[in-house]
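The values are calculated or read from the model by the stated rules, or taken from the named source; none is laboratory data. On a predicted model such as this, the values are computed, not experimentally measured, just so you know. Cβ atoms come from the backbone with ideal geometry, glycine included; neighbour counts cover every protein chain shown.
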Amino acid sequence: MSAETMAALTPLRGLWRTSGHVLDGSGRRTAEITGTDEYELMTGGQWLIHRVDVLVGGARTVALELIGDPGEDGTFAMRAFDGSGAYDEMRLSVADGGVLHLAGEGVRSTLRVDRDAMEALWERDDGVRWVPWMEMRFDRIR
């Protein structure tokens, strides 16, 4: 993989203050999310390491995600592991204008990234349609 390929993820790099809410199927806020997300390039430049440390409704969630391994379709693999032992995999695609699309089994998100902030709306498949799941904001700390 070339450094140019991973350069598409450079805007994510840094430490971010995380805030947001879990939403019910009607879009009503049901739990607050606070904490930090950090993205750093692993030595060798082949993977972006994503560390998550947040409170969701007061319950701590810690996760580690590796982003890289671009496919022939231009999307990146996202492999996440959390403190409970759960493992998840999604794909990330880069669009114009600082927009990233994330998709996994039954979940998807659009992340809008600029220099000092990011915003994301997560949706989940309820079996009939896509419904709001989480609204998130990330403010750059460094």
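Quickly run through segment 74-93 and pick out the residues that are polar (S, T, N, Q) and either loosely packed, with under 10 Cβ neighbours inside 10 Å or part of a strand (DSSP E or B) (or both). Within segment 74-93, Ser84, Ser93 qualify. Of the residues making up segment 122-139, just one is within 10 Å of the chain's Cα centre (by Cα) and without any contact (Cβ under 8 Å) to a residue 24 or more places away in the chain, namely Trp122.
Close contacts from segment 31-49, counting a first residue that is buried (at least 17 other Cβ atoms within 10 Å of the Cβ) and a second that is small (Gly, Ala, Ser), with Cβ to Cβ under 9 Å and a gap of 6+ residues or different chains, come to Ile33/Ser19; Ile33/Gly20; Ile33/Gly57; Gly35/Ser19; Glu38/Gly14; Tyr39/Gly14; Trp47/Gly68; Leu48/Gly68.
Answer yes or no as to whether Asp96 is exposed (fewer than 13 other Cβ atoms within 10 Å of the Cβ) and modelled with pLDDT of 95 or more. It is false that Asp96 is exposed (fewer than 13 other Cβ atoms within 10 Å of the Cβ) and modelled with pLDDT of 95 or more. For segment 55-73, state whether one or more residues are assigned to a strand (DSSP E or B), within 18 Å of His21 (Cα to Cα), in contact with a His (Cβ under 6 Å, 6 or more places away or on another chain) and at pLDDT 95 or above. Checked against the condition, which is being assigned to a strand (DSSP E or B), within 18 Å of His21 (Cα to Cα), in contact with a His (Cβ under 6 Å, 6 or more places away or on another chain) and at pLDDT 95 or above, segment 55-73 yields no hits at all.
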